[in-house]
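The block underneath contains the structure these notes are about, expressed in structure tokens.
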Amino acid sequence: MKKQTLFIAITLFTAFAHAQTTASNLIEKLDINTSKSELKWSCEYAFYFGGHDGTINFKDGYFLKQNGAITGGAFTIDMNSIKNADIKNVEANAGLVEHLKNEDFFDVKKFPKSKLVITKVTYHDATHMRMEANLKIKDITLPVNFQAEVDYQKKEMTARFKIDRTLWGVTYNSKEVEGKLKDGLISDAIGFEVKLSL
């Protein structure tokens, strides 16, 4: 009888411990609030002061959370939503946006979506981390990395990073591609400021 009781106790303890381990290893999916999240872009001219900036909307996205920490995520960017913020003239603003959407830049008819997938998160402390990710633009996927910060009270993550646009096939008026000095050359760097909110 004692052996049977001991066997039952050990079985229950093992099952309870397994349940706790399983629960702690569960991966939680946290959908972002696309109306609160934002992606700001900026790009400058290569050889004189000035440039342009604007926004692009997130179509959808989510974080992956395990053991209380962000471990990954995936975010879809709606390339048709590109907007310019610095040109006040309505006609000039619309002209730039249409140019950004055509084949010279992002060719949004052919590539309407871009995607950022977080592959690795390394925490510096409770709120600061280094993220490694794959960024897909124009059907080209390449790795990027950036520093990020989480505000738990606001339920948002912010990050800034730059990419070399030519690596993703966006080569219009590139200094590297043109290989010479001329008016209108555009920096190969595009800057992004990201805010992802739950």
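Our summary of shape: the Cα atoms of the stretch 68-165 have principal axis extents of 47, 30, 20 Å, ordered from largest down, in whole angstrom. Straightening the chain between Val90 and Ile27 buys 18.0 nm, computed as 0.36 nm per residue apart minus the Cα-Cα spacing. Here the Kirkwood formula puts the hydrodynamic radius of the stretch 117-178 at 13.4 Å, using every distinct Cα pair. Pairwise alpha-carbon distances in the stretch 102-143 exceed 17 Å for 46% of all pairs. In order along the stretch 111-124, the Karplus-derived 3J(HN,Hα) couplings, from 6.51 cos²θ - 1.76 cosθ + 1.60 at θ = phi - 60°, round to 10, x, 10, 10, 8, 10, 10, 6, 10, 7, 10, 10, 7, 8 Hz, and Gly and Pro are given as x. This model, with +1 at the C-beta of Lys and Arg and -1 at the C-beta of Asp and Glu, gives the stretch 27-197 a dipole about its Cα centre of some 360 debye. Candidates Val97, Ser81, Val117 compared by Cα position along the dipole of the stretch 27-197: farthest toward the positive end lies Val117, with charges placed on Cβ.
When the alpha carbon gyration tensor of the stretch 27-197 is reduced to an equivalent ellipsoid, the three semi-axes, largest first, read 30, 17, 15 Å. Only Lys, Arg, Asp and Glu carry charge here, each on its Cβ (+1 for the first two, -1 for the last two); on that basis the stretch 97-198 has a dipole of about 260 debye about its Cα centre. Kirkwood hydrodynamic radius of the stretch 42-116, from the reciprocal of the average inverse Cα-Cα distance over all distinct pairs: 14.3 Å.
Bear in mind that the values in this text are calculations on the coordinates, not laboratory data. This structure is a prediction, so every number in the text was calculated from the model and none was measured. Note that each Cβ is placed from the backbone with ideal geometry, even for glycine, and that neighbours are counted across all protein chains shown.
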